[in-house]
Structures are given as structure tokens and as C-alpha cells.
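Structure record follows, encoded as C-alpha cells.
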Amino acid sequence: MEKIEQLAHASVARGCGFAMLAIAILMIGLSAQFDVALRAGGLSCLLMCFVLIGMSWRAATTPYKQTELWLMLEPTERPQPTVAQDIISAARQEALLEFALRSAWLALALLSMALLWGLFPSKAAM
């Protein structure tokens, strides 16, 4: 069971890592206007949070044989088909919600920084 949870975590982390790479590139592209870059990053992280929550809602209905987690398991490590759907779905749902929470916290941090940046404009912008 612990191996399945670790692999579910790794699978979701990989996907979120690619999404964060895209968000970082977006923010770098907008870095000439720092407040816009922070807002874009915050809103993108919030969007990622909502996508992860939606995926976690659908985790129970996704056939376990069509998940990346199932493919990552060695044939000897795979649970019996009678319980595989419940085990795989629960592990994926837990990992998805954990990363959704992390994404929400990052969105909060970026949007708060954008708000603070807007309240205290730099002297160069004046």
C-alpha cells in the first residue's frame, strides 16, 4: 500500500512539475511588469488547483488499468482486481488533493505579493 501511495505521489508530482514549468515560463515572459507576472502566476496556480480538484472528483470513476499509477507498478506489486479500483482511486485522490492544496497556497502567496506590490509602487514606476 505504501508503494502505491508513493507512486501516486510521484505521478501527480510529475504532472504538476510540468505545469509549474509552464507557469514559471509565463511569469518570466511577463517579468517586465512584475505585478502582472505575479497575478498571472497566482491565477495560473489557482487554475491548476481547480483542475486537480476536478481530477480528484473523477478519480473514483477512472478505470484503474488506464492510470499511470497502474503502469508504474510491477506486475507482482499490483493489487487483486477485486480491490484494485478502490486502492488505486484512493491513492490518486489523496495525492491529487495534496497537490491541489499546495497549488492553492502558492496561488495565495503569489496573489498576495501582487497585491502588496500594487499597494507600494516602486519609485522607478512613478
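The values are calculated or read from the model by the stated rules, or taken from the named source; none is laboratory data. Here the structure is a predicted model, which means the values were calculated and not measured. With ideal geometry, Cβ positions are generated from the backbone for all residues, glycine too; neighbour counts draw on all protein chains shown.
One line per residue, one yes/no per condition, for (1) polar (S, T, N, Q); (2) farther than 19 Å from LEU115 by Cα:
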residue	(1), (2)
GLU2	no, yes
GLU5	no, yes
ALA10	no, yes
GLY17	no, yes
ALA22	no, yes
ILE28	no, no
ASP35	no, no
SER44	yes, no
PHE50	no, yes
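Is the stretch 34-41 home to any residue that is closer than 19 Å to LEU97 by Cβ and of a type outside the set (Phe, Trp, Tyr)? No, the conditions are met nowhere in the stretch 34-41.
Tell me yes or no: at least one residue of the stretch 2-16 is farther than 15 Å from GLU94 by Cβ, modelled with pLDDT of 95 or more, β-branched (Val, Ile, Thr) and assigned to a helix (DSSP H, G or I). Within the stretch 2-16, none of the residues are farther than 15 Å from GLU94 by Cβ, modelled with pLDDT of 95 or more, β-branched (Val, Ile, Thr) and assigned to a helix (DSSP H, G or I). For ALA84, the stated conditions hold: it is in contact with a Phe, Trp or Tyr (Cβ under 9 Å, 6 or more places away or on another chain) and farther than 25 Å from LEU110 by Cβ. Residues of the stretch 69-100 that are free of Cβ contacts under 8 Å to residues at least 60 places away in the same chain, out of contact with any Lys or Arg (no Cβ under 8 Å at 6 or more places or on another chain) and surrounded by 13 or more Cβ atoms within 10 Å (Cβ to Cβ): ARG78, GLN85, SER89, ALA90, GLN93, LEU97, ALA100. Across the stretch 75-118, what is the total count of residues that are closer than 13 Å to GLU5 by Cα and either among the acidic types (Asp, Glu) or part of a loop (DSSP other than H, G, I, E, B) (or both)? Looking only at that region, the number is 6. Of everything in the stretch 41-68 that is in a loop (DSSP other than H, G, I, E, B) and among the small types (Gly, Ala, Ser), the residue that is surrounded by the most Cβ atoms within 10 Å (Cβ to Cβ) is ALA59.
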